[in-house]
Amino acid sequence: MKSSVIVFPGSNCDRDVAVALEKFKIKNEMVWHNEASLPKSDLVVLPGGFSYGDYLRAGAIAGKSRIINDVIKHAKNGGLVLGICNGFQILIETGLLPGILLRNKNLKFLSKNVFVKVINTNNKFCSNYKNKKVIELPIAHNEGNYFADYKTLKNLEDKDLVVFKYCDMDGNINDVSNPNGSLNNIAGILNPEKNILGMMPHPERLIDPILSGKDGSIMFQSLKK
Amino acid sequence: MKITQQIVNKHGLNSEEYNKIIKLIGKKPNLLELGIFSAMWNEHCSYKSSKKYLKTLPTKNKKVIQGPGENAGVIDIEDEDALVFKIESHNHPSFIEPYQGAATGVGGILRDVFTMGARPIATLNSIHFGDHKHYKTKNLLSGVVSGIGGYGNCIGIPTVGGEVKFNSVYNENILVNAMAVGLVKKNKIFYSKAKGSNKPVIYVGSKTGRDGIHGASMASAEFDKNTEEKKPTVQVGDPFTEKLLLEACLELMKDDSIISIQDMGAAGLTSSSIEMASKGNLGIEINLNKIPCREKKMTPYEMMLSESQERMLLILNSGKEDNAEKIFKKWGLDFSIIGKTTDKKDLVLKFNENEVANLPISALSTEAPIYDRKWKKALLPKKTSLPQNYKSFKIIDSLKKILMSPNNSEKSWVWEQYDQTVMGDTIQKSGGDSAVIRIHGSNKGVSLTIDSSSNYCESYPLTGGKQIVAEAWRNLISVGSNPIAITNCLNFGNPEKEKIMGQFVECIQGMKEACTYLDFPVVSGNVSFYNETNKKTISPTPTIGGVGLLKNLENMMTFGLKELGSSLFLIGKTSGHLYQSEFLREVVGTKDGPPPEVNLFNERNNGFMIRDLILKKLLNSVHDISSGGMLVALSEMCIRGKIGAKIKIPNKNISSYEYLFAEDQSRYLVEVSEKNKKEVVKILEKNSVYFEIVGKTQKDCLDLEKEFNIKVEELIEINSRWFKSYFNEN
Amino acid sequence: MKISAIVTLKENVLDPQGKVVNQTLKNMGYSNITEVRQGKYFEIQLNENNKEKAKKIIDEICKKLLSNTIIEDYTINIKQ
Amino acid sequence: MKISAIVTLKENVLDPQGKVVNQTLKNMGYSNITEVRQGKYFEIQLNENNKEKAKKIIDEICKKLLSNTIIEDYTINIKQ
Ligand SMILES: Nc1ncnc2c1ncn2[C@@H]1O[C@H](COP(=O)(O)OP(=O)(O)O)[C@@H](O)[C@H]1O
Ligand SMILES: [Mg+2]
């Protein structure tokens, strides 16, 4: 397994995700946004942060950067792409995933650990979550309020492309357990081919019991397989 | 332009100072030169009222690598590692424009830290607002918090601690103090002292605009009705550019290109260039046509005094310019060679081929005025008799009232707006006694705390100054770390008034005593005077940022209760000092009397005892007892651990109120497992540390024998209610 | 030439910002305000004297960058 | 009545957002775009038939909430 983490100006979880990949023995390379092409990789990670300050729309400008064309090519050829937080926003802006991430419903940046239900474990990113349906992960974002039109949403649900939903400790998915206003409590989605995952929570931040948990590790272990 | 008396005054200089300038430079200054003097000689840059007293603080010990005098202090945290940290105020700008004022405050303090070669690993903040019912408070609070978050979240440095206080003394003069902490290898620290003449002077970062011109003078002037006029001087922060600047600087710092480096903070290009030259005992020559400008037709005066953010000044080794330029261009930043160092010891400015200013560096720096201001000693308030009615308040109602008050409510509404976990090393987030950050790639950590206690300082500055240092120390002890050093931000009123100057002098005296006794030196800091509006002054508010080391993170302690049936020990003596307590303020409504005295011997003794017991793994949880007293501390332990407790007041000569709500110092509440109880008792007795066993942990409820019984769930609800209802969120 | 572009969310798209502003105004006592929608405003300086050409360029950058046409609409105005 | 308000940063104030958008457009090849400034746009529905009264209300809320007059200017437009 070989990965590439794309570094945009303003990315700030690039190091964190590289640390996580290396911890789980995935060979990783950092790739500057201005490169023309990707090194050979099985997995491309678009890390969290504030690419270009998130000044226009979160992820919009990164979606226009030089390397993105090759990322799209990689994805269309079936390569794995993981977008975390700002990375998810970039995937949406490039059209690789549908919908939009609006400002959080209370218009505030929100940083805390939340519970998330793993809805779909039948994909490369989550195969190891099989026995653990409710996990804890941190979120830290301004624009994580997932929105899509009825058709798109129905398609996501019908085709089983929603991977994570915000829930409470006992797995209940409802308004109270929805931190940011996302439709259907959506926290992460796949493309129909299931090789592209975009998610708001940060698995790379919970990979060590000393960091208040390690539910994030399971994703990297799944990927390593 | 002829320099009139009026122009001199507008620059914040009095006629005596103006005459001194003429004498020092042997000519009448032109307007540009006057502007430069006004920036360098004002309180903010020259420390003219405070220097005499700051010098008395202890600033050295084995652990201190760099004390005050640089962009930030540096301490040794063993192995190859050093920690760089400092605190700074951004009070006035935040009052005028809370979001941008607070944001640029964070940006500024981060630059102070990465200027020294350190990668910032955490920020903290201390923010004070007026009465929550004051019509401005809500906007100021939400603006400041989102500004701090907006900057820190974007640049990707976790905000891991802070404090939020409300008090009507800040109604028209809020305080926003930001602290930044960075990590550097001991052999890769960068300083601001220039070395060698004829070296290239480089400008990097954002372009210069007409931002904040006279910002430095503004920070040193009392607010009044004319503040309106000064408004356009607020700066807008650009955290995205700062992130690029951070990465570019750290990239350039990998080799030996840089001789010295200095951020452009208050008084921008003026103070940064002069400071570098002054420390290196050199001169500097700048061609102002080379300054990257954002706006058209900027004058030398505007360029020299602009406080545009996200800029740095570097002196490079000759021949390193091209490589440096490549790096800054890669990060999309401006890079311009604007001048050179000289051995003439003057500041020479050129513009359109003309020399527009020529001033001796020494006149601007070492010869700046220093004042020995008159000051008045504070009287120790008398212990008047407590209000007759205080026992008529039920204990449980009093507890609820304190836990629900804005000052004692849980502050997650605030800290959830800050990214606390980015960088992947936050081991203890906001909400504990200290934050704990792992040193990347290792198993050690640093503990960080920030504290102030203006009520105590207002009541009796000497004790207040001592107390706040002790409290920072206690917070670091409580997480199992070894306290190392502090930084301080001294927020006071107008030093030209004897009473205010007295508060300053005596707070420093108290701080000095505590720092010396606890071997807890001051390595950096900042003074903010003139925190007054329309003659109404704030309470003296020294803010202390404390830093400690945890050699092994496995020994880290937290304060949430951990298990049922364990014993609760109260360490330290309770004499029942209720004056200045939250109980009297929030419940009874009196503010009289002296603050609790700090016995530094007990402070150190109890603290070291706690630390040793933690290292011996004999404690389950530890919480220091501070505002609100023992019962509030215990409630917080229950809330955090979601476990109850049953306590009983040991037969005492003091009332239950005094026992439960007194704010006597140097005390801790600790939880001890049944299996460790004997051992702990033995150690405490052997070391003559005073303690009492007050009760046991239990499920779900907090009980005080014969008095009350309350569900922990209810405590949680009460303690987390205030912010949400204040902002109509549910 | 100075041209402005206004980008707004399509009508059927939820606008959390507008909603909160609306609610805040209600709390402040402005009961006769019934809806607020928030959008983005751009003022663009362009070296181009031909109005039609200028408009075309701005239309293009609105499509490509300034708006996300899946959820947003835009309008263009020549200012001088 | 429908009224719009546009809030922009004052001329001398740094506009980080506009700066980045401008730079991006340059990188995309739009070399004749010389400056971009970004602002906020509000569309407000108001139950008020008197134009003058409506304008006054909007002016008030621009001052009180929608803009920070220390760094921002605003303009108001009646739409229908
Ligand atoms: N209260 C204080 N205690 C100790 N040192 C202080 C204090 N205030 C300022 N200093 C030191 O004085 C120097 C100048 O501070 P300052 O002017 O605030 O720095 P900057 O130019 O970065 O804003 C710094 O080294 C700072 O640490
Ligand atoms: Mg500095």
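Please treat every number below as a calculation from the coordinates, not as lab data. Treat the numbers as computed from the prediction; the structure is a model and nothing was measured. With ideal geometry, Cβ positions are generated from the backbone for all residues, glycine too; neighbour counts draw on all protein chains shown.
In table form, for the structure just shown:
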{"quantity": "Mean separation of Cα contacts under 8 Å (6+ apart) over length of segment A:2-224, as relative contact order %", "calculated": "20"}
{"quantity": "B:LEU550 long-range amide H proximity, modeled H, under 5 Å", "calculated": "B:GLY445, B:VAL446, B:SER447, B:ASN482"}
{"quantity": "Segment D:47-80 versus segment B:465-493: alpha-carbon centroid distance in Å", "calculated": "49"}
{"quantity": "Note, ³J(HN,Hα) from phi for segment B:109-120, Karplus 6.51, -1.76, 1.60, rounded to Hz, x at Gly and Pro", "calculated": "6, 5, 5, 4, 7, 7, 4, 8, x, 8, 7, x"}
{"quantity": "Sequence-distant residues sharing a close amide H with B:ARG311 (under 5 Å, placed H)", "calculated": "B:SER206, B:MET264"}
{"quantity": "Shape call, segment B:1-136: gyration tensor on alpha carbons, a/c limit 1.5", "calculated": "oblate"}
{"quantity": "From phi via Karplus (6.51, -1.76, 1.60), per-residue ³J(HN,Hα) for segment B:88-99 in Hz, x at Gly/Pro", "calculated": "8, 9, 9, 5, 5, x, 6, 6, 6, 9, x, 5"}
{"quantity": "Local electrostatic count at A:GLU143 - Lys and Arg +1, Asp and Glu -1, tallied over other residues with Cβ under 9 Å", "calculated": "+1"}
{"quantity": "Net length gained if the chain between B:ASN317 and B:TYR726 were fully extended (0.36 nm per residue, minus Cα distance)", "calculated": "141.7 nm"}
{"quantity": "B:LYS499 paired with A:ASP42, simple spin-label distance in nm, labels 7 Å along Cα-to-beta-carbon", "calculated": "7.4"}
{"quantity": "Euclidean distance of C-alpha centroids, segment B:680-722 and segment B:1-70, integer Å", "calculated": "54"}
{"quantity": "Nonlocal amide H pairs with C:GLY39, under 5 Å, H built at 1.01 Å", "calculated": "D:TYR41, D:PHE42, D:GLU43"}
{"quantity": "Inter-label distance, nm, simple model (7 Å from Cα along the C-beta direction), B:SER655/B:GLU717", "calculated": "3.0"}
{"quantity": "Residue exposure sequence - B:THR270, B:THR533 - by fewest surrounding Cβ within 10 Å", "calculated": "B:THR533, B:THR270"}
{"quantity": "Of all DSSP beta bridges in the protein assembly as shown, antiparallel share, percent nearest 5", "calculated": "80"}
{"quantity": "Chain C, relative contact order [Cα under 8 Å, separation at least 6], %", "calculated": "54"}
{"quantity": "Relative contact order (%) - chain B, alpha-carbon pairs under 8 angstrom, separation at least six", "calculated": "15"}
{"quantity": "Counting DSSP beta bridges with both ends in segment A:2-224, the antiparallel % (nearest 5)", "calculated": "60"}
{"quantity": "Which of C:TYR74, C:PRO16, C:ILE61, positive extreme of dipole for segment C:2-79 (C-beta unit charges)", "calculated": "C:ILE61"}
{"quantity": "Span from the segment B:255-321 Cα centroid across to the segment B:599-645 one, whole angstrom", "calculated": "49"}
{"quantity": "Within chain A: Cβ-based charge dipole about Cα centre, in debye rounded to nearest 20 (Lys, Arg +1; Asp, Glu -1)", "calculated": "380"}
{"quantity": "Inter-copy label distances at D:LYS26 (7 Å, Cα→Cβ; nm, one decimal)", "calculated": "4.6"}
{"quantity": "Residue order, fewest to most surrounding Cβ atoms within 10 angstrom, among B:LYS675, B:LYS562", "calculated": "B:LYS675, B:LYS562"}
{"quantity": "Separation of the B:ILE693 and B:LYS677 label points, Cα + 7 Å toward Cβ, nm", "calculated": "0.4"}
{"quantity": "Residue of chain D nearest the D-to-C rotation axis [by Cβ], rounded angstrom distance", "calculated": "D:TYR41, 2"}
{"quantity": "Computed E for C:GLN23/D:LYS53 - FRET, C-beta separation, R0 35 angstrom, nearest 0.05", "calculated": "0.95"}
{"quantity": "For segment B:687-701, 3J(HN,Hα) per residue [Karplus equation, 6.51 cos²θ - 1.76 cosθ + 1.60, θ = phi - 60°, Hz, x = Gly/Pro]", "calculated": "9, 6, 9, 6, 8, 9, 8, 9, x, 9, 7, 8, 6, 6, 10"}
{"quantity": "Length gained when the stretch B:ASP256-B:LYS382 is fully extended (0.36 nm per residue, less Cα-Cα span)", "calculated": "39.3 nm"}
{"quantity": "Ascending list, in nanometres, of distances separating the C:ASN47 label from those of the other copies (7 Å, Cα toward Cβ)", "calculated": "5.4"}
{"quantity": "Cβ-vector label at 7 Å, D:THR75, separations to other copies in nm", "calculated": "1.3"}
{"quantity": "Near-label residues of segment B:243-285 by backbone N, under 13 Å of a point 7 Å along Cα→Cβ of B:LYS330", "calculated": "B:247-255"}
{"quantity": "Within the protein assembly as shown: Cβ-based charge dipole about Cα centre, in debye rounded to nearest 20 (Lys, Arg +1; Asp, Glu -1)", "calculated": "340"}
{"quantity": "Mean ellipticity per residue at 222 nm, deg cm²/dmol - from DSSP H runs of n ≥ 4 across chain B, formula -39500 (n - 2.57)", "calculated": "-10000 deg cm²/dmol"}
{"quantity": "Residue order, fewest to most beta carbons within 10 Å, for B:TRP415, A:TRP32, B:TRP41", "calculated": "A:TRP32, B:TRP415, B:TRP41"}
{"quantity": "Rounded if a/c under 1.5, otherwise prolate or oblate - chain A, Cα gyration tensor axes", "calculated": "rounded"}
